[in-house]
Amino acid sequence: MKQAVAWITGAAGFLGRHTARRLAQEGWHVVGLAERDADGAWCRAWGFQGWAVGPLEPAAMDAAAGIHPMPDLILHAAGTSSVGAAAAASLTAFDRTVRSTAVLLDMVRRHCPDAYVVYPSSAAVYGDNPGGPLAEDRPCCPASSYGWYKLMAETALSEAGAQHGIRSTAIRFFSLYGPELRKQVLWDWSRQLLAAKGPLTFGGTGAEVRDFLHVDDAVRLIMDLAGLAPADRPSLINGGTGRGIAMADLGGRLSAALGMNAEIVFDGTRRPGDPACYLAATGRLEAMGFTPHVALDEGLALYAAWVKAALERTT
């Protein structure tokens, strides 16, 4: 029986690494594609059996296709990873998010048209939302360059499906978190909380609502989608829990998970592209039988333990 093959772009990133490890555990041959080389021991630890170095450009993709076995599954996790990074370097963000998707899909069309592409999109495509769950059929009006570029990449997937029959699913992830995440709010807050000598002031009002999905559940969703029959795979699905938490409550729970009792206040500012509520509607997830396994308090405890260990190793 032929071994299933997966390619992961953005393989050195948070979601790419965790997905590679799970795929390898399930018996897949996993090839990572990244702009930089990686140590062999590191690759083996994360489950990569192959590694291709180079930008997501046609020549590099063709070279990878000539060396590595053709994929059954592609997780296209390359791209700019935050609203702030896209705002600071919009052309770079466009290339890494939109152009890289077009290049990848052209490679699929020419080399492996039967491959199934999973794209980690973002709830940022929805734009501002004063409250309530966000369903996949809601009209999108992004409030940031990051959101617009994610939406453009989704459009490229739809075009490739309509014109060339390429099968894909875009997962609009909400707030992903878990061990190894060294960016975004939980990482920033954790470091500040552990270093705090007094009250802490965070940005925002504290009333903003977010939907946090643990990386283990995100990977499980990708695996579940890959295991469906092609006709049963949705082209678009939210990646969230459907359970929101106010940021003020999150700060208190994170502080407790870290073993702290910090006083936290919010400065009342609202950043551009930062909506009042990002909460996933989960009807499509429920229809495919998916429910998250990692409760938020459990996930925060696991993350807090990892953060403390990671910071201890750097001191």
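The values are calculated or read from the model by the stated rules, or taken from the named source; none is laboratory data. Since we're looking at a predicted model, the values are computed, not measured. Positions of Cβ are generated from backbone atoms using ideal geometry, with glycine treated the same way; all protein chains shown enter the neighbour counts. In case anyone asks, the SASA skips ligands and DNA or RNA and just uses the protein heavy atoms, side chains included. Shrake-Rupley method; radii C 1.70, N 1.55, O 1.52, S 1.80 Å.
What to note about this one:
- Qualifying residue in segment 300-315 (condition: at pLDDT 95 or above, more than 16 Å from Val185 (Cα to Cα), under 19 Å from the mean Cα position of the chain (by Cα) and not aliphatic (A, V, I, L, M)): no
- Test: Leu151 is closer than 17 Å to Ala123 by Cβ and open to solvent by less than 30 Å² (accessible area, probe 1.4 Å): no
- Residue check for Arg99: modelled with pLDDT of 95 or more, farther than 27 Å from Leu221 by Cα and open to solvent by 60 Å² or more (accessible area, probe 1.4 Å): no
- Residues of segment 180-229 satisfying the condition of being of a type outside the set (S, T, N, Q), touching a strand residue (DSSP E or B) at 6+ places or on another chain (Cβ under 8 Å) and in a loop (DSSP other than H, G, I, E, B): Pro199, Gly203, Gly204, Gly206, Ala207, Glu208, Asp211
- Within segment 292-302, the residues that satisfy the criterion of being open to solvent by less than 60 Å² (accessible area, probe 1.4 Å) and either touching a strand residue (DSSP E or B) at 6+ places or on another chain (Cβ under 6 Å) or closer than 12 Å to Leu213 by Cα (or both) are Pro292, Val294, Ala295, Leu296, Gly299, Leu300.
- Considering segment 29-74, and only residues there that are small (Gly, Ala, Ser) and touching a strand residue (DSSP E or B) at 6+ places or on another chain (Cβ under 7 Å), the residue that is surrounded by the fewest Cβ atoms within 10 Å (Cβ to Cβ) turns out to be Ala38.
- Selection count where residues are of a type in the set (Lys, Arg) and closer than 28 Å to Leu225 by Cβ, scope segment 238-296: 2
- Against the test of being farther than 15 Å from Pro120 by Cβ, among the β-branched types (Val, Ile, Thr) and more than 19 Å from the chain's Cα centre (by Cα), the options Thr241, Thr201 yield a single qualifying residue, Thr201.
- Selected residue (only one of Leu225, Leu258, Leu285 is under 28 Å from Arg17 (Cβ atoms) and touching a helix residue (DSSP H, G or I) at 6+ places or on another chain (Cβ under 6 Å)): Leu258
- Annotation: of all residues in segment 261-270 being in contact with a helix residue (DSSP H, G or I) (Cβ under 8 Å, 6 or more places away or on another chain), of a type outside the set (Val, Ile, Thr) and touching a residue at least 24 places away in the same chain (Cβ under 8 Å), the one that is nearest to Glu312 (Cα to Cα) is Ala262.
- The set of residues from segment 257-271 being open to solvent by 80 Å² or more (accessible area, probe 1.4 Å) and polar (S, T, N, Q) comprises just one member, Asn261.
- Selection of helices (runs of 4 or more DSSP H) fully inside segment 62-179 by the criterion of at least 3 residues being under 26 Å from His214 (Cβ atoms), without any contact (Cβ under 8 Å) to a residue 60 or more places away in the chain and not charged (D, E, K, R) returns nothing.
Conditions (1) more than 15 Å from the chain's Cα centre (by Cα); (2) polar (S, T, N, Q), marked per residue:
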| position | (1), (2) |
| --- | --- |
| Val103 | yes, no |
| Asp106 | yes, no |
| Gly127 | yes, no |
| Gly132 | yes, no |
| Asp137 | yes, no |
| Ser158 | yes, yes |
| Ala162 | yes, no |
| Ser175 | no, yes |
| Lys183 | no, no |
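- Residues in segment 167-195 that are surrounded by 15 or more Cβ atoms within 10 Å (Cβ to Cβ), over 20 Å from Leu134 (Cα atoms) and among the small types (Gly, Ala, Ser): 3 in all.
- The single condition from (1) open to solvent by 20 Å² or more (accessible area, probe 1.4 Å); (2) of a type outside the set (A, V, I, L, M); (3) modelled with pLDDT under 95 that Gly204 fails is (1).
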